[in-house]
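Presented below is the structure to which this report refers.
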Amino acid sequence: MEKRIKGLKTGLMVGLMSLAASPAFARSISLKEAGTALWIFIIIGAIIVLLQLIPAAILFFSFIGTATTSVFKKEKKAEEEVVIAETVPVTVKK
């Protein structure tokens, strides 16, 4: 019963949102009378969005490098990985 009520609520919300949004998309958009401030805002916004691609590319390629390194890394033996330093007993004077 709860699933049915949730489904009905979701359907009602989607229907109401589509009815409310349709008049906003019905008219055409004309940028013919737009001022220079709008164009400056659009250009600066586009530059900011494009600048976000730089760290995204760095993270993407570092992730690819890490993933390929871990996949193609040869298995090392336990003796090779662990290095035990030689211990020397020290006398303590009181």
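The values are calculated or read from the model by the stated rules, or taken from the named source; none is laboratory data. It should be emphasised that the depicted structure is a prediction, and the values quoted were computed from it without experimental measurement. Cβ: placed from backbone, ideal geometry, glycine included. Neighbour counts: every protein chain shown. Note: accessible area is taken over every heavy atom of the protein model, side chains too, but ligands, DNA and RNA are not part of it. Shrake-Rupley method; radii C 1.70, N 1.55, O 1.52, S 1.80 Å.
Assigned to a loop (DSSP other than H, G, I, E, B), at pLDDT 80 or above and either out of contact with any Ser or Thr (no Cβ under 9 Å at 6 or more places or on another chain) or open to solvent by 100 Å² or more (accessible area, probe 1.4 Å) (or both), is that true of Thr87?
Here the answer is no, as Thr87 does not meet what is asked.
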Please verify whether segment 8-21 includes one or more residues that are more than 32 Å from the chain's Cα centre (by Cα), surrounded by 10 or more Cβ atoms within 10 Å (Cβ to Cβ) and not in a helix (DSSP H, G or I).
no
Residue set Val49, Val71; condition at pLDDT below 85 and exposed (fewer than 10 other Cβ atoms within 10 Å of the Cβ); output residue Val71
